[in-house]
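In what follows, a structure is listed as structure tokens, so that the remarks can point back to it.
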Amino acid sequence: MTFNPQRMAGVSGGLLAAQVCKAGALGFIAAGHFQDLKKLEAEIKLFIDVIESSSGAECNARHCIRPCIGFIGHSSLTTPQQWENYEYILEKYSPMAVQFFAPSIVTRQNGTSNIELAHKYGAKFIAQVGSVRHAKEVIPHKVDALICQGSEAGGHGLRRELANSAMSLSSQCKHFCQDIPVLAAGAIVNGKHLASALCVCDGAVIGTRLWASYESIGDKILQRELTKENSCDDVIKTAVFDQIENELRDSRWPYPFDASGVLRNRTTEEWEGRTREELHAALQKTDLLHTYKMAIKSHNPEIVTVYAGEGVGQIGRIDAAYDLIRNIEREAIDTIERLQVIIN
């Protein structure tokens with residue numbers, strides 16, 4: 001089983017990744033847009049310190065003494081300096097794996113790709129995709145594993161009209177990816193969901209549930225929204241927030257990745273279903289953008305983005321990441337054993 005909080009790039013630091021690994025799964029440190037090398041190194045060093053200081057009795061992570069790192073493809077390798085920093089991280093810290101998404105494969109001007117560099121330094125390369133077409137595009141590059149992100153996932157992903165459900169996508173990708181692990185991502189928050197994923201592919205990726213952990217480094221005020229009385233009805237895949245926030249970002253999310261799984265709020269109520277032209281006009285001619293900026297400063301969940309997948313309704317509380325992973329694993333085993341009894 002594989003668990004990976006990377007999809008919500010702002011919440012997965014060294015401590016969260018280490019606790020996930022200690023529980024026997026695979027935890028990733030988020031490099032995000034890869035703008036701050038010192039910050040990433042600090043999180044890597046924290047990860048190594050936590051793993052090395054763990055006792056054998058509590059730690060199943062000796063296989064994870066090398067970090068795993070996730071990158072956002074469209075923004076992490078846009079300059080020569082970022083390519084130098086990427087190679088520096090690969091050489092100095094010898095990560096066990098790197099994950100890229102949006103897009104998965106990035107090539108520099110001299111023709112060298114991110115996957116070629118990863119393999120040069122002994123790192124496995126995990127590609128995250130949201131469609132069968134994208135999966136077929138990355139397979140020839142000799143990726144080592146494939147994450148199939150469904151439309152029900154929280155955080156950034158393919159626009160709703162281009163995306164697929166996690167189980168359908170994972171099942172169909174596994175059909176032509178027999179030789180590499182395929183992992184399902186999207187609305188997987190407990191052991192029953194993991195057991196379901198194992199019916200169609202090789203493992204699962206956890207995002208929203210691990211944001212709702214003590215060790216995550218996301219906004220704690222917004223994090224509390226995940227534990228309220230939600231259901232899958234309260235989640236929507238929308239491009240509204242990206243159109244607004246791209247006005248504020250240095251690294252704009254490009255089409256077709258400029259959509260996110262989020263909790264519904266006043267912003268989605270007002271703007272979802274209206275045209276991009278209408279929203280653009282409001283951003284240019286009204287105080288909408290100023291209001292949104294103020295809401296970011298005040299951490300107002302009724303206005304700003306609260307990333308969440310459709311499994312959010314089964315979260316309920318904030319937990320320790322180590323306990324979360326062990327409980328998910330136990331529930332998955334119990335579920336599979338119960339099904340065996342039913343069959344027999």
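The values are calculated or read from the model by the stated rules, or taken from the named source; none is laboratory data. Because the structure is a prediction, the values reported are computed rather than measured. Cβ coordinates were reconstructed from backbone atoms using ideal geometry, including for glycine residues, and neighbour counts include every protein chain displayed. These accessible areas exclude ligands, DNA and RNA; they are computed on the full protein's heavy atoms, side chains included. Shrake-Rupley method; radii C 1.70, N 1.55, O 1.52, S 1.80 Å.
Structural remarks
- Label point distance in nm, E247-T227, each placed 7 Å from Cα along Cα→Cβ: 3.4 nm
- Considering only beta bridges that DSSP places wholly inside the chain, some 25 percent are antiparallel.
- Across L77, L90, L283, mean-square fluctuation computed from a Gaussian network of the chain (C-alpha pairs under 10 Å connected) peaks at L283.
- With the biggest extent put first, the Cα atoms of the range 132-276 measure 45, 32, 26 Å across the principal axes.
- Unit charges at the beta carbon, dipole of the range 107-216: most positive-side option, Y121, H193, A163: A163
- Top positive-direction residue, dipole computed over the chain with Cβ charges, set Q314, T107, I244: T107
- In percent, rounded to a whole number, the relative contact order of the range 247-339 is 35, using alpha-carbon pairs under 8 Å and six or more apart.
- Set of lysines with alpha-carbon distance to K92 below 22 Å, sequence-local pairs under 8 removed: K38, K39, K45, K120, K124
- Accessible-area rank, largest first, for D219, D36: D36, D219, with all protein chains present and a 1.4 angstrom probe.
- Within the chain: Cβ-based charge dipole about Cα centre, in debye rounded to nearest 20 (Lys, Arg +1; Asp, Glu -1): 360 debye
- Additional length obtainable on full extension of the chain from L198 to S298, 0.36 nm per residue less Cα span: 31.9 nm
- Exposed loop positions in the chain were taken to be GluC sites (Glu not before Pro) whose DSSP state is not H, G, I, E or B and which have at most 16 other beta-carbon atoms within 10 angstrom. Between these positions, the longest stretch is 59-160.
- For the chain, the fraction of alpha-carbon pairs lying more than 40 Å apart is 9 percent, rounded to a whole number.
- Rounded to the nearest 0.05, the FRET efficiency derived from the C-beta distance between K136 and H290 at R0 = 35 Å is 0.20.
- Gaussian network model of the chain, Cα within-10 Å springs - most flexible of F101, F241, F176: F176
- Volume of the convex hull of the range 214-330 (Cα atoms only), normalised per residue: 124 Å³.
- Cβ-derived FRET efficiency at R0 45 Å, Q109 paired with Q314, nearest 0.05: 0.45
- Proximal lysines relative to K192, as straight alpha-carbon distance under 26 Å, when same-chain residues fewer than 8 apart are discounted: K22, K174, K228, K237
- Residue of S76, S165, S298 that the Gaussian network model of the chain assigns the largest fluctuation, springs spanning Cα pairs under 10 Å: S298
- Computed from the Kirkwood radius of its Cα pairs, the Stokes-Einstein diffusion coefficient for the range 60-207 at 37 °C and 0.692 mPa s stands at 209 µm²/s.
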